[in-house]
Amino acid sequence: MKKLKIYLPFVSAGMQEVATYRVNWIFYMLGNVMTCGVSYFIWKAVYASGGSGAISGFTMPQMVVYIVMMFLTNTIIASDVSYVIGEEVRDGAIAMRLLKPVSYNATFLFQEIGNKLFTEFILAVPLVPAAELIRFAFYGSVQFNPLAFVLFLLSATLAYLMNFFFNICFGFVAFITKNLWGVNTVKNCIVGFLSGAVIPLSFLPAGPETVFLLLPFASLNYTPVMIYMEKYSGAQLLFYLGLQVFWTAAFWGLSKLLWKLVSRRLCVQGG
């Protein structure tokens, strides 16, 4: 608890950052909402031209819920720590962070937690009921499962921690390259596809789907959403939750190792 108190100011700073730059946050969210709208009309056209009720196990109502919950999951697991590390290395601000007598990784983690507490309270309240209203409108009965929702929150939390430590590892590349903007953009595009944010992984051929499901990226978006939609149950559910725990621990350990290696090569510039 004593150590936790040290990092509480970083949580407060994360909340204040969102509140201070709220116009930037609003436009960022509006961009994501527009992306959801585009996705909806694209899939509506796909299902209308397909002439079948379901494609790869997804009906159109399920696809709408998938789009809404993918948007929510994306905001929960989002981490821009690799971008921040790259910018701090580029302009020299990292020197001030390293002077603080606290864990380098933990300062980013608790600051993002503050950001999440502010953001998710605003988003989760309307989005989850919206997804359930969509299901009620199509099926004529309440489909909400409290247990599935709790497991979704657990899975999304693991997905965020895994994504955070993955981005920490990726951000350490800036200690060597000095600039990370272009590589970070390419990374986001690749991860977006491999995590099921573009299309559900079940739409892929059986071979690639099996491989992608075992990679860490499927655990970011696809696994939490599939759990919420009750596509996983029993042993399958335990397996994918266990896979999330494994990849989270793996990236945490890798971040510790990489920090010891790259911190010796840091050359502060700018500032």
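Only one of Phe144, Phe136 is closer than 30 Å to Phe41 by Cα, aromatic (Phe, Trp, Tyr) and either touching a residue at least 60 places away in the same chain (Cβ under 8 Å) or outside any helix (DSSP H, G or I) (or both). Can you tell me which? Result of the check over Phe144, Phe136: Phe144.
The set of residues in the range 210-252 being within 25 Å of Ala131 (Cα to Cα) and among the polar types (S, T, N, Q) consists of Ser219, Asn221, Thr223, Ser233, Gln236, Gln244. Filtering the range 209-218 to residues that are of a type outside the set (Phe, Trp, Tyr) and closer than 16 Å to Val198 by Cβ leaves Glu209, Leu213, Leu215, Ala218.
Scan the range 171-216 for residues that are of a type in the set (Phe, Trp, Tyr) and either part of a loop (DSSP other than H, G, I, E, B) or open to solvent by less than 40 Å² (accessible area, probe 1.4 Å) (or both) and jot them down. Explain how you work it out, then say what you get.
Applying the first criterion (of a type in the set (Phe, Trp, Tyr)) to the range 171-216 yields 172, 175, 181, 193, 203, 212.
Correct list: Phe172, Phe175.
Could you tell me which numbered condition Met229 fails, if it satisfies all but one of (1) surrounded by fewer than 19 Cβ atoms within 10 Å (Cβ to Cβ); (2) in contact (Cβ under 8 Å) with a residue 60 or more places away in the chain? Among (1) surrounded by fewer than 19 Cβ atoms within 10 Å (Cβ to Cβ); (2) in contact (Cβ under 8 Å) with a residue 60 or more places away in the chain, the lone unmet condition for Met229 is (1). Do you know which residues across the range 20-58 are over 27 Å from Tyr228 (Cβ atoms), more than 21 Å from the chain's Cα centre (by Cα) and either β-branched (Val, Ile, Thr) or part of a helix (DSSP H, G or I) (or both)? Those that are over 27 Å from Tyr228 (Cβ atoms), more than 21 Å from the chain's Cα centre (by Cα) and either β-branched (Val, Ile, Thr) or part of a helix (DSSP H, G or I) (or both): Thr20, Val23, Ser49. Of the residues Gln236, Gln244, the single one that is assigned to a helix (DSSP H, G or I) and touching a residue at least 40 places away in the same chain (Cβ under 8 Å) is Gln244. Once the range 64-81 is narrowed to residues that are surrounded by fewer than 22 Cβ atoms within 10 Å (Cβ to Cβ) and in a loop (DSSP other than H, G, I, E, B), the residue that is modelled with the lowest pLDDT is Asp80. Within the range 1-34, the residues that satisfy the criterion of being touching a helix residue (DSSP H, G or I) at 6+ places or on another chain (Cβ under 8 Å) and either under 24 Å from Ala130 (Cβ atoms) or hydrophobic (A, V, I, L, M, F, W, C) (or both) are Leu8, Phe10, Val11, Ala13, Met15, Val18, Ala19, Trp25, Met29, Asn32, Val33.
Test Thr223 against the stated conditions and say whether it is touching a helix residue (DSSP H, G or I) at 6+ places or on another chain (Cβ under 8 Å), among the hydroxyl-bearing types (Ser, Thr, Tyr) and modelled with pLDDT under 90.
Working: touching a helix residue (DSSP H, G or I) at 6+ places or on another chain (Cβ under 8 Å): yes; among the hydroxyl-bearing types (Ser, Thr, Tyr): yes; modelled with pLDDT under 90: no.
The answer is no for Thr223.
Annotation note: of Asp91, Asp80, the sole residue that is under 24 Å from Ser219 (Cα atoms), in contact (Cβ under 8 Å) with a residue 12 or more places away in the chain, out of contact with any Ser or Thr (no Cβ under 6 Å at 6 or more places or on another chain) and of a type in the set (D, E, K, R) is Asp80.
Here is a list: Arg97, Arg90. Which entry is in a helix (DSSP H, G or I), at pLDDT 75 or above and open to solvent by 40 Å² or more (accessible area, probe 1.4 Å)? Full working, then the answer.
On the way: Arg97 fails: open to solvent by 40 Å² or more (accessible area, probe 1.4 Å).
From the options Arg97, Arg90, the qualifying one is Arg90.
The values are calculated or read from the model by the stated rules, or taken from the named source; none is laboratory data. What you see is a predicted model, and the numbers here were worked out from it, not measured in a lab. Note: ideal-geometry Cβ built from the backbone for every residue, glycine included; neighbour counts use all protein chains shown. Ligands, DNA and RNA are stripped out before the accessible areas are found, and what is left, the full protein with its side chains, is counted by its heavy atoms. Shrake-Rupley method; radii C 1.70, N 1.55, O 1.52, S 1.80 Å.
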